[in-house]
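In what follows, a structure is listed as structure tokens, so that the remarks can point back to it.
The values are calculated or read from the model by the stated rules, or taken from the named source; none is laboratory data. Note that the structure is a prediction, hence the values are computed from the model and not measured. Virtual Cβ from ideal backbone geometry, glycine too; neighbours counted across all protein chains shown.
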Amino acid sequence: MKRLLSLILSLLLILVFAVPVHAKTVSTEFAGADLDTPLEENLQANAPIGEKLDINAKSAILIEYNTGKILYESNSDEKLAPASITKIMTLILVMEALEEGKIALDTKVTASEHAASLGGSQIWLEPGEVMTIDELLRATVIASANDATVALAEAVAGSEESFVALMNEKAKELGMKNTNFVNSYGLDADGHLTTAHDVAIMSAELIRHELIREYSTVKMDSLRDGESELVNTNKLIRYYDGCFGLKTGTTGKAGSCLSATAERNGLTLVAVVLGSPTSKDRFSGASKLLDYGFANYSFLNVKAEAQIPSTIPVKKGVERSVKLEANETLPLLLKKGDEKNITQTISLEEELTAPVKKGDIVGYVHIQLNGEEIGVISITAAKDVDKLTFFVCLGRLLRGLFTL
């Protein structure tokens with residue numbers, strides 16, 4: 001018994017007073033760095049425009065999808081009539097309703113008198129005609145049918161008026177500061193206005209829903225057992241490499257408009273032109289914007305490649321060390337050729353004190369371009385390490401004695 005009490009007393013003295021000595025796991029160059037430094041906001045800074053593009057439109061903009069960074073703009077905040085580009089917001093709300101289970105692709109919708117009364121581009125819905133959400137989506141995305149669009153709006157919100165209210169709420173949520181919707185389909189109406197910048201924002205939001213590509217990339221389709229032909233109004237999906245959408249629009253007030261999305265080698269771009277005098281001008285303008293982006297920029301998801309120690313010491317813990325991980329990626333939009341100028345360094349705590357929680361940030365991988373920091377990747381603890389307590393020590397001691 002005296003031996004047991006002596007062992008317990010010795011163990012408690014070690015726990016309270018001993019401070020383990022460890023070799024440093026990183027160079028002193030990085031020790032003591034400020035681990036509360038937030039991620040830099042430079043991803044949202046405007047890139048240099050460079051040259052002036054010859055685009056025949058009232059307004060134009062090019063953004064990179066992942067970062068939202070503006071690569072080129074011309075008069076992009078002027079409020080203009082958007083024509084059927086309006087339908088991008090309608091489609092966002094329909095995609096959300098599908099994902100939330102409020103509707104399904106096979107949900108049957110009965111066309112109302114209001115939906116069937118719409119003019120402009122249409123599939124000639126008859127009042128009382130029944131179509132599925134899938135069929136109405138095909139008509140809306142491929143052929144820009146106004147009657148199908150209103151039928152979708154009514155299926156989601158009960159009435160077009162209620163749906164338009166949801167459209168304006170969503171616009172505010174997305175930060176579209178210069179947009180007001182009056183209808184769900186885009187025919188000219190007093191106060192129905194947006195900007196190229198806002199259209200780019202909602203276009204980027206729509207393509208986050210992967211389902212949209214199943215419709216926006218279809219060149220031709222049909223409804224009513226082949227009786228109604230659908231031809232995609234976006235000619236770029238036929239001849240522009242990497243184009244997968246998105247929406248055209250034409251009215252007397254709006255002129256010819258286009259929001260075009262394309263992807264090459266991981267770089268996804270959104271090009272918007274509003275108020276072109278002809279359809280040819282809008283496709284030409286969008287092509288020039290996309291060409292400019294792909295020629296001058298590249299996109300990388302940077303992973304931590306710096307030599308991170310496998311573990312870091314932990315004092316007063318049930319374990320003497322904890323494994324480290326750096327699993328995040330840093331999205332970077334770069335000028336072509338800057339990929340080779342990316343370097344990485346690390347800053348890391350020398351040791352931790354228990355308790356440690358899985359996911360605790362213990363250091364950073366600093367990502368630098370030409371020697372200037374452009375972002376960080378967090379280094380985190382890979383598991384929990386509980387604090388070493390009297391009862392933990394006692395339990396270990398007793399288990400040790402009984403195994404003798």
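The set of residues in segment 317-327 being buried (at least 18 other Cβ atoms within 10 Å of the Cβ) and part of a loop (DSSP other than H, G, I, E, B) consists of Ala326 alone. Only strands (runs of 3 or more DSSP E) whose full extent lies in segment 188-286 are considered here, and the ones with at least 3 residues that are touching a Leu at 6+ places or on another chain (Cβ under 6 Å) are 255-264, 267-276. Only residues that are farther than 22 Å from Lys336 by Cα and among the basic types (Lys, Arg) were counted in segment 59-93, giving 2. Quick one: is Gly191 in contact (Cβ under 8 Å) with a residue 12 or more places away in the chain, out of contact with any Lys or Arg (no Cβ under 8 Å at 6 or more places or on another chain) and surrounded by fewer than 24 Cβ atoms within 10 Å (Cβ to Cβ)? It is false that Gly191 is in contact (Cβ under 8 Å) with a residue 12 or more places away in the chain, out of contact with any Lys or Arg (no Cβ under 8 Å at 6 or more places or on another chain) and surrounded by fewer than 24 Cβ atoms within 10 Å (Cβ to Cβ).
Across segment 288-312, what is the total count of residues that are farther than 20 Å from Lys69 by Cβ and among the hydroxyl-bearing types (Ser, Thr, Tyr)?
The qualifying residues number 2.
Evaluated against (1) in a helix (DSSP H, G or I); (2) more than 17 Å from Ala157 (Cβ to Cβ); (3) of a type in the set (D, E, K, R), Asp106 falls short on exactly one condition, (1). Of all the listed residues (Leu136, Leu91), the sole one being assigned to a helix (DSSP H, G or I), assigned by TED's automatic domain parsing to the domain that holds Ala254, farther than 24 Å from Phe283 by Cα and under 30 Å from the mean Cα position of the chain (by Cα) is Leu136.
Count of segment 72-121 residues, restricted to those that are surrounded by fewer than 20 Cβ atoms within 10 Å (Cβ to Cβ) and polar (S, T, N, Q), is 6. The set of residues in segment 222-255 that are among the basic types (Lys, Arg) and either touching a Phe, Trp or Tyr at 6+ places or on another chain (Cβ under 7 Å) or more than 20 Å from Ile123 (Cβ to Cβ) (or both) comprises Lys235, Arg238, Lys253.
List pairs: first residue in segment 231-253 and free of Cβ contacts under 8 Å to residues at least 60 places away in the same chain, second residue in a helix (DSSP H, G or I) and crowded, with 23+ Cβ neighbours inside 10 Å anywhere in the structure, Cβ distance under 6 angstrom, at least six positions apart or on different chains. Going by the 6 Å Cβ cut-off, the qualifying pairs are Cys243/Leu236.
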